[in-house]
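Engineer: Quick one: this structure, given as structure tokens, is what I'll be asking you about.
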Amino acid sequence: MSEDCIFCQIVAGDIPSRTVYEDDTVFAFLDANPLSPGHTLVIPKAHHERLNDTPADVAGEVLSTLHELVPAVEAAVDAPASTVAFNNGEAAGQEVPHVHGHIVPRFEDDGGRPIHALVTDRPDLSDDELDDIEDDIVAEQA
Ligand code: 5GP
Ligand code: ZN
């Protein structure tokens, strides 16, 4: 637990939350400032800042819980779809530095945008640049 982390305090029960799922590793609760009815956050109980810092087994459990909860959340609020996303790091808009997946139920004509609306200035990458990026990502895993 990280003492000054708001999500660690929620897991510990020091800050109340509307809890929708809990097991030994994962915790899920309603977002306090929902983007839509049913907006849910799924987190590991242990404090890890980003996906990059999260052990693979824990990340797997978070994803597995997202997989279970997405249909339950959609059904609960009668949503035909949802946006499921992580703001992974401060530059990507992450405000609470305890890794969390958002489930945002989506509705026809809700005024929301797809994930492609995240960035307005798209890069115009050449085939060579794309090839280099492909190679670099593969090399980083070696
Ligand atoms: P981020 O921008 O870091 O991806 O998302 C953080 C989310 O946490 C926001 O959607 C915000 O509404 C939610 N949040 C922040 N503080 C609290 C809190 O104390 N309780 C709950 N339930 N949600 C919170
Ligand atoms: Zn934390």
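The values are calculated or read from the model by the stated rules, or taken from the named source; none is laboratory data. The shown structure was predicted, so the numbers you read here are calculated from the model rather than taken from an experiment. Cβ atoms come from the backbone with ideal geometry, glycine included; neighbour counts cover every protein chain shown. Accessible surface is based on the protein model in full, side chains and every heavy atom, while ligands, DNA and RNA are left aside. Shrake-Rupley method; radii C 1.70, N 1.55, O 1.52, S 1.80 Å.
Engineer: Within the stretch 44-101, take every residue that is assigned to a strand (DSSP E or B) and closer than 26 Å to Pro114 by Cβ and give me the one that is least open to solvent (accessible area, probe 1.4 Å).
Structural biologist: The residue in question is Gly101.
Engineer: Scan the stretch 19-34 residue by residue and report those that are in contact with a Ser or Thr (Cβ under 9 Å, 6 or more places away or on another chain), assigned to a loop (DSSP other than H, G, I, E, B) and farther than 21 Å from Pro97 by Cβ.
Structural biologist: Asp23
Engineer: Test each condition in (1) away from ligand 1 (no atom under 11 Å from the Cβ); (2) at pLDDT 95 or above; (3) out of contact with any His (no Cβ under 6 Å at 6 or more places or on another chain) for Glu3 and report the one that comes out false.
Structural biologist: (2)
Engineer: Given the condition open to solvent by 40 Å² or more (accessible area, probe 1.4 Å), within 16 Å of the chain's Cα centre (by Cα), more than 14 Å from ligand 2 (Cβ to nearest atom) and within 20 Å of Asn87 (Cα to Cα), answer yes or no: does some residue in the stretch 20-28 qualify?
Structural biologist: Checked against the condition, which is being open to solvent by 40 Å² or more (accessible area, probe 1.4 Å), within 16 Å of the chain's Cα centre (by Cα), more than 14 Å from ligand 2 (Cβ to nearest atom) and within 20 Å of Asn87 (Cα to Cα), the stretch 20-28 yields no hits at all.
Engineer: From Pro105, Pro37, grab the single residue that is modelled with pLDDT of 95 or more, assigned to a loop (DSSP other than H, G, I, E, B) and not polar (S, T, N, Q).
Structural biologist: Matching residue, one of Pro105, Pro37: Pro37.
Engineer: Continuing with the same structure: Say we look at the stretch 119-130 and pick out the residues that are in a loop (DSSP other than H, G, I, E, B) and either acidic (Asp, Glu) or surrounded by fewer than 11 Cβ atoms within 10 Å (Cβ to Cβ) (or both); which of these is farthest from ligand 2 (Cβ to nearest atom)?
Structural biologist: Selected residue: Ser126.
Engineer: Moving on to the next point. Of these, Val77, Val138, Val99, Val70, which one is in contact (Cβ under 8 Å) with a residue 12 or more places away in the chain and either within 16 Å of ligand 2 (Cβ to nearest atom) or out of contact with any strand residue (DSSP E or B) (no Cβ under 7 Å at 6 or more places or on another chain) (or both)?
Structural biologist: Going through Val77, Val138, Val99, Val70 in turn, just one is in contact (Cβ under 8 Å) with a residue 12 or more places away in the chain and either within 16 Å of ligand 2 (Cβ to nearest atom) or out of contact with any strand residue (DSSP E or B) (no Cβ under 7 Å at 6 or more places or on another chain) (or both): Val99.
Engineer: Mind checking which residues of the stretch 20-61 are away from ligand 1 (no atom under 11 Å from the Cβ), closer than 15 Å to Gln94 by Cα and touching a residue at least 60 places away in the same chain (Cβ under 8 Å)?
Structural biologist: Of everything in the stretch 20-61, just one residue is away from ligand 1 (no atom under 11 Å from the Cβ), closer than 15 Å to Gln94 by Cα and touching a residue at least 60 places away in the same chain (Cβ under 8 Å), namely Val42.
Engineer: Separate question: Residues being within 8 Å of ligand 1 (Cβ to nearest atom) and part of a loop (DSSP other than H, G, I, E, B): count how many of those fall in the stretch 6-18.
Structural biologist: Residues flagged as within 8 Å of ligand 1 (Cβ to nearest atom) and part of a loop (DSSP other than H, G, I, E, B) within the stretch 6-18 amount to 3.
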